[in-house]
Amino acid sequence: MTKIHARWGWCALVLMAGMNVAHGKPLAMVGPWEIHSVDPASNGVFFTRMQVAETLVEVDSLGNLQPGLASQWSHSEDGLQWRFTLRPGARFHDGSEVSAEQVAFALQQAWRKPGVMTSAPIASIEAHEGALLVTLTGPFAPLAAVLAHPSTQILAKGAYDAKGEVTQVIGSGPYRITRLQQPQRVETERFDGWQGPQPAISQVSYLTVGRAESRTLMAESGQADIAWGLDPVSIRRLQQAPRVSIVSVTLPRTIQLKLNGADPLLKDPAVRRALSLAIDRRGMAAALLRDPEMAATQLFPPTLGEWHQPGLTPLAYDVKAAQAALAAAGWQPGADGVLHKGEERFALTLRTFPDRPELPLLATALQAQWKAVGVDLKVAVGNSSEIPAGHQDGSLQLGLYARNYALVPDPLVTLLGDLAPAGADWGVMNWQSPAMAQTLARLGKETLPAGEAAALRRDIATTLQQELPLLPIAWYRQSAAVSRGLKGFELDPQERSYRLDKLTWSAQ
């Protein structure tokens, strides 16, 4: 077996767990995100961020894999069998042991559902001699990264009903749920059975608040100690507020437009390029995001070092070139100012959602910019679930959302799903490239020399820049308003954890 990771130094943490810590007052957080489900396949990231549930593999701030519930892992020389040694002594919030059998059961439930685990060629998941064994039908280098994805979080047997469906979240993290009212509220408290240092803050609550203005007022007045999902106007206001400070970090996330490649108006790559030319990305980033550096010049942001390609010709803004390209494709202005081709009118509907407050603003800006080239764009603001639903039933024309390319620490895993020939809910729709599919498969199956792997990643980025099945709009900077009385706060650039266990209240 080829050793992948050294043993985690939990002994020191266990010793520290017995130390007396000041627990302070409860912590109140507000954000725009609703709790739609307790199933990790649908809403797992919320419970890993709240540090209620753990995955086998963790990730540090730079995206490097670290021990989680697995203290170490290894694989056979042929890459077909992976062995995960579990952290000794770990327990779920109901007091039951985090056993190899329970880990296998939880992963089997995740494996049978649509999700990131289907990207790996898994043949079996089983417990063996106190460890977890995952057997593959073919080599898959990023398997450990897959098992860091929030949908693979490990829950206790009591979390599942007789059909294997999740009915409650019983994890093994430093906090356990005491109250859950979907879709708006969750309350947690410190878990005394946690092996690491006991969190200084013993109680945490999260409340879904839909309007950015309301979240801003709650942070300003002290009703909320941390406010997530701030729009640029709120950030500017809170920068002057005496009670709070603004903390920001650049994320491996891109705000992008998903296009239906089978739609008669969008199937021509020349038309997609024309639509891209009609987007003033820098203007939107400056005016709406208050951050012109976040204007996307390609799909992959600079924070994705191995995938970002500085040598690519950047996406440009050129209204005259856009108009010329649309005319060359047969589109001519009608009497109403909208482009026509025969009886066909260039009218599109864009779906987006307010969970991230900048999305409706950007959608409205796109509406105005495309009107200048004769495209009639209707903006429909609804629930985030409407984009994958529209993908599934074929009704979606355009979807605007923010895509995290490091939710699995190796972006390749996300791309294997997003760029699959059949498409994906948050990836391409009715577009495929056989050459790209082969390239992605090689990266997933083979251990390639660094130079060759880099060349393949460059080929993928170049194809996406030329074909534009996804239109990049902006890269992403996450901000939060934080009470000045809260110490130790930092944003996770991988968006995996709120790091609540690191926080303390300043002395009063």
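Quick check on this structure: which one of PRO183, PRO197, PRO242, PRO264 is closer than 30 Å to ALA327 by Cα and open to solvent by 10 Å² or more (accessible area, probe 1.4 Å)? Walk me through it before giving the result.
Working: PRO183 fails: closer than 30 Å to ALA327 by Cα; PRO197 fails: closer than 30 Å to ALA327 by Cα; PRO242 fails: closer than 30 Å to ALA327 by Cα.
Result of the check over PRO183, PRO197, PRO242, PRO264: PRO264.
For the subset of segment 71-94 comprising residues that are of a type in the set (A, V, I, L, M) and within 14 Å of LEU56 (Cα to Cα), which member is surrounded by the fewest Cβ atoms within 10 Å (Cβ to Cβ)? Steps first, please.
Taking segment 71-94 first, the residues of a type in the set (A, V, I, L, M) are 80, 86, 90.
Okay, now just the ones that are also within 14 Å of LEU56 (Cα to Cα), so 86, 90.
Values: LEU86: 23, ALA90: 20.
So the residue we want is ALA90.
Please verify whether ASP393 is open to solvent by 30 Å² or more (accessible area, probe 1.4 Å), in contact with a helix residue (DSSP H, G or I) (Cβ under 8 Å, 6 or more places away or on another chain), on the phi < 0 side of the Ramachandran plot and free of Cβ contacts under 8 Å to residues at least 60 places away in the same chain, treating the condition exactly as stated. Break it down into steps so the answer makes sense when it comes.
On the way: open to solvent by 30 Å² or more (accessible area, probe 1.4 Å): yes; in contact with a helix residue (DSSP H, G or I) (Cβ under 8 Å, 6 or more places away or on another chain): no; on the phi < 0 side of the Ramachandran plot: yes; free of Cβ contacts under 8 Å to residues at least 60 places away in the same chain: yes.
For ASP393, the condition - open to solvent by 30 Å² or more (accessible area, probe 1.4 Å), in contact with a helix residue (DSSP H, G or I) (Cβ under 8 Å, 6 or more places away or on another chain), on the phi < 0 side of the Ramachandran plot and free of Cβ contacts under 8 Å to residues at least 60 places away in the same chain - is not met.
So which residues in segment 335-360 are of a type outside the set (A, V, I, L, M) and in a helix (DSSP H, G or I), if there are any at all? Give the steps one after another, and end with the answer.
To start, the set of residues in segment 335-360 that are of a type outside the set (A, V, I, L, M) comprises 336-337, 340-346, 349, 351-358, 360.
If the condition is that a residue be of a type outside the set (A, V, I, L, M) and in a helix (DSSP H, G or I), then GLU358, PRO360 are the ones that fit.
Being at negative phi, assigned to a strand (DSSP E or B) and open to solvent by less than 40 Å² (accessible area, probe 1.4 Å) narrows it down to one residue among ALA455, ALA474; which is it? Working first, answer last.
Details: ALA455 fails: assigned to a strand (DSSP E or B).
Checking each option against the conditions leaves just ALA474.
Here are some residues: ASP268, ASP263, ASP291. Which one is farther than 16 Å from THR364 by Cα and at pLDDT below 95?
One residue alone meets the criteria, ASP291.
Does segment 410-423 contain any residue that is surrounded by fewer than 18 Cβ atoms within 10 Å (Cβ to Cβ), over 20 Å from the mean Cα position of the chain (by Cα) and of a type outside the set (Gly, Ala, Ser)? Give the steps one after another, and end with the answer.
Looking only at segment 410-423, we keep the residues that are surrounded by fewer than 18 Cβ atoms within 10 Å (Cβ to Cβ), and these are 420-422.
Still in the list and also over 20 Å from the mean Cα position of the chain (by Cα): 421-422.
Still in the list and also of a type outside the set (Gly, Ala, Ser): 421.
Yes: one or more hits.
Given (1) under 30 Å from LEU69 (Cα atoms); (2) open to solvent by 10 Å² or more (accessible area, probe 1.4 Å); (3) of a type outside the set (D, E, K, R); (4) modelled with pLDDT of 95 or more, where does THR250 come up short, assuming only one miss?
Every condition holds for THR250 apart from (4).
Contact list please: Cβ distance under 8 Å, first residue in segment 82-110 and closer than 15 Å to PRO40 by Cβ and of a type in the set (Val, Ile, Thr), second residue modelled with pLDDT of 95 or more and surrounded by fewer than 19 Cβ atoms within 10 Å (Cβ to Cβ), pairs at least six apart or on different chains.
Note: pairs meeting the criteria are VAL103/ALA127.
Please go through segment 204-234 and pick out each residue that is open to solvent by less than 30 Å² (accessible area, probe 1.4 Å) and assigned to a helix (DSSP H, G or I).
ALA212, ARG215, THR216, ALA219, PRO232, SER234, listed by residue number.
Exactly one of these conditions fails for ILE255: (1) part of a strand (DSSP E or B); (2) surrounded by fewer than 20 Cβ atoms within 10 Å (Cβ to Cβ). Give me its number.
That leaves (2) as the condition not met.
In segment 480-508, what residues are assigned to a strand (DSSP E or B), closer than 27 Å to ASN64 by Cα and open to solvent by 30 Å² or more (accessible area, probe 1.4 Å)?
LYS487, THR504
Against the condition out of contact with any strand residue (DSSP E or B) (no Cβ under 7 Å at 6 or more places or on another chain), free of Cβ contacts under 8 Å to residues at least 24 places away in the same chain and among the hydrophobic types (A, V, I, L, M, F, W, C), how does ALA461 come out, does it pass? Walk me through how you get there before you give the answer.
Numbers: out of contact with any strand residue (DSSP E or B) (no Cβ under 7 Å at 6 or more places or on another chain): yes; free of Cβ contacts under 8 Å to residues at least 24 places away in the same chain: no; among the hydrophobic types (A, V, I, L, M, F, W, C): yes.
Taking the combined requirement at face value, the residue does not satisfy it.
Could you please find all residues in segment 102-141 being of a type in the set (A, V, I, L, M, F, W, C), in a strand (DSSP E or B) and touching a strand residue (DSSP E or B) at 6+ places or on another chain (Cβ under 7 Å)? Give the derivation first.
Step one: filter segment 102-141 for residues of a type in the set (A, V, I, L, M, F, W, C), giving 103-107, 110-111, 116-117, 120, 122-123, 125, 127, 131-134, 136, 140-141.
Right, trim to in a strand (DSSP E or B) and you get 122-123, 125, 127, 131-134, 136.
Matches in segment 102-141: ILE122, ALA123, ILE125, ALA131, LEU132, LEU133, VAL134, LEU136.
Only one of (1) touching a strand residue (DSSP E or B) at 6+ places or on another chain (Cβ under 8 Å); (2) open to solvent by less than 50 Å² (accessible area, probe 1.4 Å); (3) within 28 Å of PRO409 (Cα to Cα) is not met by PRO354, so which one is it?
(2)
Give just the number: which of (1) open to solvent by 50 Å² or more (accessible area, probe 1.4 Å); (2) of a type outside the set (Val, Ile, Thr); (3) within 28 Å of THR463 (Cβ to Cβ); (4) free of Cβ contacts under 8 Å to residues at least 24 places away in the same chain does GLY342 not satisfy?
(3)
Can you name the condition, by its number, that GLN168 falls short on among (1) in contact with a Phe, Trp or Tyr (Cβ under 7 Å, 6 or more places away or on another chain); (2) open to solvent by 40 Å² or more (accessible area, probe 1.4 Å); (3) assigned to a loop (DSSP other than H, G, I, E, B)?
Among (1) in contact with a Phe, Trp or Tyr (Cβ under 7 Å, 6 or more places away or on another chain); (2) open to solvent by 40 Å² or more (accessible area, probe 1.4 Å); (3) assigned to a loop (DSSP other than H, G, I, E, B), GLN168 violates only (1).
Can you list residue pairs whose Cβ atoms sit under 7 Å apart, with the first residue in segment 298-325 being farther than 16 Å from GLU467 by Cβ and the second being small (Gly, Ala, Ser) and open to solvent by 30 Å² or more (accessible area, probe 1.4 Å)? Count only pairs 6 or more apart in sequence or on different chains.
Close Cβ pairs (under 7 Å, with a partner that is small (Gly, Ala, Ser) and open to solvent by 30 Å² or more (accessible area, probe 1.4 Å)) amount to VAL319/ALA372.
Pairs needed: first member in segment 431-452, modelled with pLDDT of 90 or more; second member anywhere, of a type in the set (D, E, K, R) and open to solvent by 40 Å² or more (accessible area, probe 1.4 Å); C-beta distance under 6 Å; at least 6 residues apart or different chains.
Filtered contacts from segment 431-452: THR439/ASP459.
Please go through (1) in a loop (DSSP other than H, G, I, E, B); (2) out of contact with any Lys or Arg (no Cβ under 8 Å at 6 or more places or on another chain); (3) surrounded by fewer than 19 Cβ atoms within 10 Å (Cβ to Cβ) for SER384 and return the number of the only condition it doesn't satisfy.
Looking at each condition in turn, SER384 falls short on (3).
GLU293 passes all but one of (1) within 23 Å of LEU419 (Cβ to Cβ); (2) in a helix (DSSP H, G or I); (3) of a type in the set (Asp, Glu); which number fails?
Evaluating GLU293 over (1) within 23 Å of LEU419 (Cβ to Cβ); (2) in a helix (DSSP H, G or I); (3) of a type in the set (Asp, Glu) leaves (1) as the failure.
The values are calculated or read from the model by the stated rules, or taken from the named source; none is laboratory data. Quick caveat: nothing in here was measured; it's all calculated off a predicted structure. Quick reminder, even Gly has a Cβ in these numbers, built from the backbone with ideal geometry, and neighbours come from all protein chains shown. Surface areas here come from the heavy atoms of the whole protein model, side chains and all, with no ligands, DNA or RNA. Shrake-Rupley method; radii C 1.70, N 1.55, O 1.52, S 1.80 Å.
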